1. Which of the residues belonging to segment 26-46 are modelled with pLDDT of 95 or more and either surrounded by 15 or more Cβ atoms within 10 Å (Cβ to Cβ) or in contact with a helix residue (DSSP H, G or I) (Cβ under 8 Å, 6 or more places away or on another chain) (or both)?
2. Return the residues of segment 79-110 that are under 19 Å from residue 27 (Cα atoms) and part of a helix (DSSP H, G or I); say none if nothing qualifies.
3. Quick check on residue 68: is it part of a loop (DSSP other than H, G, I, E, B), closer than 23 Å to residue 5 by Cα and under 17 Å from the mean Cα position of the chain (by Cα)?
4. Kindly establish whether residue 110 is within 28 Å of residue 1 (Cα to Cα) and either surrounded by 18 or more Cβ atoms within 10 Å (Cβ to Cβ) or in contact with a helix residue (DSSP H, G or I) (Cβ under 7 Å, 6 or more places away or on another chain) (or both).
5. Would you call residue 59 surrounded by fewer than 16 Cβ atoms within 10 Å (Cβ to Cβ), at pLDDT 95 or above and assigned to a helix (DSSP H, G or I)?
6. Restricting attention to segment 117-164, which residues are in a strand (DSSP E or B) and over 20 Å from residue 85 (Cβ atoms)?
């Protein structure tokens, strides 16, 4: 029960498409330590790991567990970041996002989440949307609150000995 690699949709400024080798260099260059600070992995500086991320994401797409996308400027084609619809079940999905550094503070985060919400409402039958945010990521917390997500609970995500994330989960009913 997988999903198509041909998923494409748009928001006001952005086009979303399934992650692919076409964006490997852009993802690799954009995934800096600053960008990855609140993400559940540590960038290694190896292009092979970016390929591994793409391959893993496409495998999850085929299984129907996740839809990992890139967001690009719909006029220029400039890579803005990656986002996804993760842990897909009949009950809920989790939205995820990361933006390249020079896209910070321009409203793209809110636009990406709204774009993902629109896709979910039109294509998936789930009761809840979840948005997990690292407790110190004030920008993402503002997005959650601005878009009507309600704090649900906190949890810890142990990534490695060097990286432990203290997460907050926000929840929103999926209104069809």
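1. Those that are modelled with pLDDT of 95 or more and either surrounded by 15 or more Cβ atoms within 10 Å (Cβ to Cβ) or in contact with a helix residue (DSSP H, G or I) (Cβ under 8 Å, 6 or more places away or on another chain) (or both): 26, 27, 28, 30.
2. Answer for segment 79-110, where residues must be under 19 Å from residue 27 (Cα atoms) and part of a helix (DSSP H, G or I): 101, 102, 103, 108, 109.
3. Taking the combined requirement at face value, the residue does not satisfy it.
4. So residue 110 fails the test.
5. When the stated conditions are applied, residue 59 passes them.
6. Correct list: 151, 153, 154, 156, 158, 164.
The values are calculated or read from the model by the stated rules, or taken from the named source; none is laboratory data. Quantities reported herein were computed from a predicted structural model and do not represent experimental measurements. Please note: Cβ atoms are built from the backbone with ideal geometry, for glycine as well, and neighbour counts cover all protein chains shown.
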